[in-house]
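> Input: one structure, supplied below.
The values are calculated or read from the model by the stated rules, or taken from the named source; none is laboratory data. Remember, predicted model here, so these are calculated numbers, not experimental data. Methodologically, a virtual Cβ is constructed for each residue, glycine included, from the backbone with ideal geometry; neighbour enumeration extends over all protein chains shown. Protein only, heavy atoms only, side chains kept; ligands, DNA and RNA dropped before computing areas. Shrake-Rupley method; radii C 1.70, N 1.55, O 1.52, S 1.80 Å.
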Amino acid sequence: MSDVTQFTRTTASTEAGFLNRKWKMILFFFYKRAFESKLESILSAAAGHEGNSLPPGDHHYQLLSAEAESLCKEFANRWGLDIELLKARIAGLSKLERLSVPPQGMNHARLACFGMVAIPVLCFLLGAVAGLIHLGFHLVGGR
């Protein structure tokens, strides 16, 4: 008799485990749909701002990126997912992160210093080459 009751207990526990897994999958499906919907609205807002020629690094992009980051962290923590893998699977997040960072300007001081040194050096080298060509012409027999 104890074998029969033990068998039914394990069956009941496996059925409960199966139902628990099914319930969790159903919940995950609905949470995933809500997450995707919220993320889609954020990404479409970013695309709209980009379509209106809003420059990269603008405050709007930074707010949208922070909200998307918050949503991803919340979803990953809720379901025990790797946040980096989650971000890698969502293509629009990398573009939103690039748009939220202001572009780096060119260092004009370094370029000016390089030009101030390079131009005289190039002129000197060009003169030296011209002088050597002129000397070679006279050595070979030119007038």
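> Testing M106 on (1) touching an Asp or Glu at 6+ places or on another chain (Cβ under 7 Å); (2) in a loop (DSSP other than H, G, I, E, B); (3) among the aliphatic types (A, V, I, L, M), one condition comes back false. Which one is that?
(1)
> How many residues does the stretch 38-53 hold that are open to solvent by 50 Å² or more (accessible area, probe 1.4 Å) and either in contact with an Asp or Glu (Cβ under 8 Å, 6 or more places away or on another chain) or within 25 Å of Q104 (Cβ to Cβ) (or both)?
Number of matching residues: 6.
> Kindly establish whether Y31 is touching a helix residue (DSSP H, G or I) at 6+ places or on another chain (Cβ under 6 Å) and modelled with pLDDT of 85 or more.
no
> Picking from L93, L111, which residue would you name as being touching a Lys or Arg at 6+ places or on another chain (Cβ under 6 Å) and within 30 Å of L54 (Cβ to Cβ)?
L93
> Filter the stretch 58-78 for residues that are over 12 Å from I42 (Cβ atoms), assigned to a helix (DSSP H, G or I) and in contact with a helix residue (DSSP H, G or I) (Cβ under 9 Å, 6 or more places away or on another chain); which is least open to solvent (accessible area, probe 1.4 Å)?
Residue satisfying both the conditions and the ranking: A76.
> Sticking with this one: Are any residues in the stretch 79-110 surrounded by 11 or more Cβ atoms within 10 Å (Cβ to Cβ), of a type outside the set (V, I, T) and free of Cβ contacts under 8 Å to residues at least 24 places away in the same chain, and if so, which ones?
Result: L81, L86, K87, A88, S94.
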